[in-house]
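Worksheet: the structure to be examined is printed underneath.
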Amino acid sequence: QGTRDQPPALVALRDRLLAAVVACFKRHGAAAIDTPVLELRETLMGKYGEDTKLIYELQDQGGELLALRYDLTVPFARYLAMNKITNMKRYHVAKVYRRDSPATTRGRYREFYQCDFDIAGQFDPMIPDAECLKIVHEILTDLQVGDFLIKVNDRRILNGVFAVCGIPESKFITTCSTMDKLDKMPWEEVRSEMVGEKGLSPDAADRIGEYVRLHGGLDLIERLLQDPKLSQSKLAKEGLGDMKLLFEYLTLFGITGKISFDLSLARGLDYYTGVIFEAVLLQQENDHVQEPVSIGSVAGGGRYDGLVGMFDPKGRKVPCVGVSIGIERIFSILEQRVKASGEKVRTTETQVLVATPQKHLLAARLKLISELWDAGIKAEMLYKKDPKLLKQLQYCEDMGIPLAAIVGEQELTDGVIKLRDVATREEVRM
């Protein structure tokens with residue numbers, strides 16, 4: 001099915017991941033929202049380029065054409081338009097659905113979580129965009145997923161490149177969809193799809209090839225600003241000017257070491273209008289290869305200034321920029337790492353097990369555990385009247401519970417409990 005049941009250890013691991021991501025979103029002042037899993041089919045259609053075919057379409061008994069949400073961005077834009085909101089910083093963690101060919105080993109499913117952060121509103125250029133990139137950097141650093149690179153481009157620069165290479169405007173979006181495959185296919189295959197399937201002339205494809213293999217930083221932006229062909233395009237000049245500004249802000253955030261201005265980045269979704277970005281994990285294939293190899297995208301996003309206007313009856317636009325963290329792919333990587341290390345993942349957060357060493361002390365356990373629960377302490381006990389002490393301590397070891405609160409006849413007489421550190425076996429009376 002391309003979905004899977006989650007045993008407790010995996011749910012616990014995912015919970016920790018999601019908690020770290022949400023903590024970062026909250027640190028940046030975002031409010032949480034939620035939108036329905038079901039949307040009207042017409043809300044989703046025509047927003048995702050060639051991926052529209054992956055939308056799960058439904059027809060309910062009333063005859064309405066519905067669909068399961070494909071991402072969290074389009075429902076957010078609809079939400080802003082319906083509620084006439086022009087200014088918002090939000091996050092949303094929820095499941096989305098895609099009728100895709102699953103590859104479960106690579107974290108690609110038909111039902112999976114997305115973690116989105118978006119800033120909506122009319123602001124000075126590139127300040128919110130820089131914050132989105134800072135968030136990606138923070139999260140990937142916090143989660144310790146290994147070496148990563150955040151690629152950045154701008155749809156205006158791309159469209160400028162297409163224009164000066166002689167591609168008609170009607171073919172910009174479909175050319176973008178093909179270019180988006182550059183991280184999975186070599187340039188030769190992408191070129192032959194452009195020429196064979198998309199109907200571009202071989203000359204135009206070759207001219208695009210000269211640009212899309214460029215990547216770098218501020219130096220490349222400066223070079224392209226002087227490029228005689230690109231300077232003919234108003235769009236490209238605008239995009240490059242903003243890209244220069246973005247890199248200045250990213251320098252102030254101290255994260256340019258992990259950022260690459262990459263002209264091959266396209267992102268195949270129709271709704272992007274400006275800056276686009278994607279984070280990839282890197283691995284050294286072997287000692288002889290100097291250039292790090294990408295092992296897949298783990299975050300992506302960009303600016304989509306026209307999307308809210310599509311849902312507003314008066315076409316009022318609300319500029320937006322956002323990022324989506326590919327939590328499933330990160331989760332798959334961390335899951336494999338945990339399996340390889342043989343590390344046990346704690347499935348509960350229990351802090352203390354209430355235990356008794358003799359028979360007929362169930363009442364004492366129930367009384368004590370109730371006090372602990374009421375005090376907000378995470379506590380458990382075994383559901384047996386007279387469990388053996390060894391069995392109770394073994395349960396602590398199996399479940400990774402750090403403490404045992406032992407109450408026996410002597411403790412009851414003295415009005416104390418014995419607190420045992422399960423790992424060191426040290427005990428204190430209190």
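The values are calculated or read from the model by the stated rules, or taken from the named source; none is laboratory data. What you are looking at is a predicted structure, and each value in this text was computed from that prediction instead of being measured. Positions of Cβ are generated from backbone atoms using ideal geometry, with glycine treated the same way; all protein chains shown enter the neighbour counts. Only protein heavy atoms, including side chains, enter the accessible area calculation; ligands, DNA and RNA are left aside. Shrake-Rupley method; radii C 1.70, N 1.55, O 1.52, S 1.80 Å.
Overview of values
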{"item": "Residues located in segment 323-366, provided they are closer than 30 Å to Val280 by Cβ and either aromatic (Phe, Trp, Tyr) or open to solvent by 70 Å² or more (accessible area, probe 1.4 Å) (or both)", "result": "Phe331, Gln336, Arg337, Lys339, Ala340, Ser341, Glu343"}
{"item": "Verdict on Ala23 being closer than 23 Å to Val298 by Cα, out of contact with any Pro (no Cβ under 7 Å at 6 or more places or on another chain) and without any contact (Cβ under 8 Å) to a residue 12 or more places away in the chain", "result": "yes"}
{"item": "Residue satisfying all of: in segment 292-347; among the charged types (D, E, K, R) and farther than 25 Å from Arg14 by Cα; nearest to the chain's Cα centre (by Cα) among these", "result": "Arg303"}
{"item": "Test: Ala32 is within 21 Å of Gln336 (Cβ to Cβ) and of a type in the set (Gly, Ala, Ser)", "result": "no"}
{"item": "Residues that are out of contact with any helix residue (DSSP H, G or I) (no Cβ under 7 Å at 6 or more places or on another chain) and surrounded by 14 or more Cβ atoms within 10 Å (Cβ to Cβ), drawn from segment 169-184", "result": "Lys171, Thr174, Asp180, Asp183"}
{"item": "Subset of segment 129-155 (residues that are β-branched (Val, Ile, Thr), out of contact with any helix residue (DSSP H, G or I) (no Cβ under 8 Å at 6 or more places or on another chain) and buried (at least 19 other Cβ atoms within 10 Å of the Cβ))", "result": "Val136"}
{"item": "Breaking point among (1) part of a loop (DSSP other than H, G, I, E, B); (2) on the phi < 0 side of the Ramachandran plot, for Gly63", "result": "(2)"}
{"item": "Scope segment 386-412; condition free of Cβ contacts under 8 Å to residues at least 24 places away in the same chain and more than 20 Å from Thr348 (Cβ to Cβ); matching residues", "result": "Lys388, Leu390, Gln410, Glu411"}
{"item": "Hey, Thr3 hydroxyl-bearing (Ser, Thr, Tyr), open to solvent by less than 60 Å² (accessible area, probe 1.4 Å), at negative phi and in contact with a helix residue (DSSP H, G or I) (Cβ under 6 Å, 6 or more places away or on another chain) or not", "result": "no"}
{"item": "Among (1) at pLDDT 90 or above; (2) of a type in the set (D, E, K, R); (3) outside the structural domain of Lys378 (by the TED database) - the single one Arg365 does not satisfy", "result": "(3)"}
{"item": "Pairs, first part of a loop (DSSP other than H, G, I, E, B) in segment 3-18, second of a type outside the set (S, T, N, Q) and open to solvent by less than 40 Å² (accessible area, probe 1.4 Å), C-beta under 8 Å, six or more apart", "result": "Thr3/Tyr109; Arg4/Tyr109; Gln6/Arg14"}
{"item": "Residue list for segment 169-186, restricted to those being outside any helix (DSSP H, G or I) and not aliphatic (A, V, I, L, M)", "result": "Lys184, Pro186"}
{"item": "Qualifying residue in segment 44-66 (condition: open to solvent by 50 Å² or more (accessible area, probe 1.4 Å) and of a type in the set (S, T, N, Q))", "result": "yes"}
{"item": "Test: residue in segment 380-396 that is open to solvent by 50 Å² or more (accessible area, probe 1.4 Å) and in contact with an Asp or Glu (Cβ under 7 Å, 6 or more places away or on another chain)", "result": "no"}
{"item": "Flag for Lys418 being free of Cβ contacts under 8 Å to residues at least 24 places away in the same chain, closer than 25 Å to Arg346 by Cβ and touching a strand residue (DSSP E or B) at 6+ places or on another chain (Cβ under 6 Å)", "result": "yes"}
{"item": "Selection status of Phe253, at pLDDT 90 or above, in contact with a helix residue (DSSP H, G or I) (Cβ under 8 Å, 6 or more places away or on another chain), open to solvent by less than 50 Å² (accessible area, probe 1.4 Å) and not polar (S, T, N, Q)", "result": "no"}
{"item": "Filter result for the condition that a residue is in a helix (DSSP H, G or I) and either modelled with pLDDT under 90 or polar (S, T, N, Q) (or both), over Glu222, Glu189, Glu238", "result": "Glu189"}
{"item": "Residues being out of contact with any Phe, Trp or Tyr (no Cβ under 8 Å at 6 or more places or on another chain), within 20 Å of Asn153 (Cβ to Cβ) and not in a strand (DSSP E or B) - total across segment 112-128", "result": "2"}
{"item": "Some residue of segment 156-168 being surrounded by fewer than 16 Cβ atoms within 10 Å (Cβ to Cβ) and assigned to a helix (DSSP H, G or I)", "result": "no"}
